[in-house]
1. Mind running the shape call on segment 173-224? Use the C-alpha gyration tensor, a ≥ b ≥ c as the square roots of the eigenvalues: rounded below 1.5 for a/c, prolate if a/b tops b/c, oblate otherwise.
2. Select one label from [x] 1.02; [y] 1.08; [z] 0.98: the one whose number is Rg/Rh (Cα atoms, Kirkwood Rh) as derived from the coordinates shown.
3. In whole percent, how big is the carbon plus sulfur part of the accessible area of segment 121-165, probe 1.4 Å, protein atoms only?
4. Can you compute 3J(HN,Hα) from phi for each residue in segment 186-192, using the Karplus curve 6.51 cos²θ - 1.76 cosθ + 1.60 with θ = phi - 60°, rounded to whole Hz and x for Gly and Pro?
5. Give me the net charge of residue 208's neighbourhood, meaning all other residues with Cβ under 15 Å from the Cβ of residue 208; Lys, Arg count +1, Asp, Glu -1.
6. Where only protein heavy atoms count, and the probe is 1.4 Å, what is the accessible area per residue for the chain in Å²?
7. Quick query: amide H of residue 76 versus all other amide H atoms, modeled in the peptide plane; which residues come in under 5 Å with a sequence gap of 5 or more or a different chain?
8. Rank these by accessible area, largest first, 1.4 Å probe: 202, 10, 213.
Amino acid sequence: SLKPPSRPIEAPLRFPISNVFKGGGTATMASGIGVSGRLASGVVQVGEKLRILPGDETAIIRAIELEDTLVPWAAAGSNVTLYLSNVDPVNLNIGSVLCPPGDTVPLASSFVAQVIVFDIQVPITSGTSVELFHHSRDTPASISKLIATLDRNTGNVVKANPRVITKNMSAKIQLTLRGGTLSAPTNKAVSIPIETFASNKEMGRILLRRGGETVAAGIVLELS
């Protein structure tokens, strides 16, 4: 018999924002600030005070809307709209994460990931520029180090410090995030809310794109 997938309800609340808007569908929320997204982990309740990362702002949950119905709480896996008070909308950005003030999501500007490379024409070398997609956030990044190629079945190291990684390979790489936009990246490091796959599966998955095509997908192994 098929078991329903378990949802990480016990884990700390992580709510990556995929949309920000003013007002809402219901009259009671017409004046509020709304953020929508999918609860990656944990439980959110009306009246809770949450931290917004990056930054040092907090917000109070005024109402939770699930499938056009106001509910007192929602759990991991639910697509919800949260209406917030006590917050300046300037501090709410797509890709920001709401979390408990006492158990905040880590911020990192560099991390090690294990990726599967797709059917690419141009090999990936150290220094390759990519776009990192993580939830609704896309950030310019560079592959700062090729650590190893891995056996796709066992995960064992095939070759340490490879010069290139090519299509259909599995590899361990270091990624470093950069500021600016995708068309005009800067060398100023930026930090984003992200976690290792071991500590939070939903917060530890990444996609890499280059020149408009997805070149690799994988999981975060360690934050540096």
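The values are calculated or read from the model by the stated rules, or taken from the named source; none is laboratory data. Computed from a predicted model, the values in this text were never measured in an experiment. Here Cβ is always computed from backbone atoms with ideal geometry, including for glycine, and neighbour counts include all displayed protein chains. Keep in mind that these areas ignore ligands, DNA and RNA; they rest on the heavy atoms of the full protein, side chains included. Shrake-Rupley method; radii C 1.70, N 1.55, O 1.52, S 1.80 Å.
1. Details: a/c = 2.42, a/b = 1.40, b/c = 1.73.
Cα axes put segment 173-224 in the oblate bin.
2. [x]
3. On the way: 1140 of 2500 Å².
Carbon plus sulfur share of accessible area: 46 percent.
4. 3J(HN,Hα) across segment 186-192, in whole Hz: 10, 8, 6, 6, 10, 10, 10.
5. Values: positive: 137, 145, 167, 172, 178, 205, 209, 210; negative: 119, 131, 138, 213.
Local charge sum for residue 208: +4.
6. Details: 11240 Å² over 224 residues.
It amounts to 50 Å² per residue over the chain.
7. Long-range HN contacts for residue 76: 42.
8. Numbers: 202 50, 10 175, 213 80 Å².
So the residues, ranked largest to smallest area, are 10, 213, 202.
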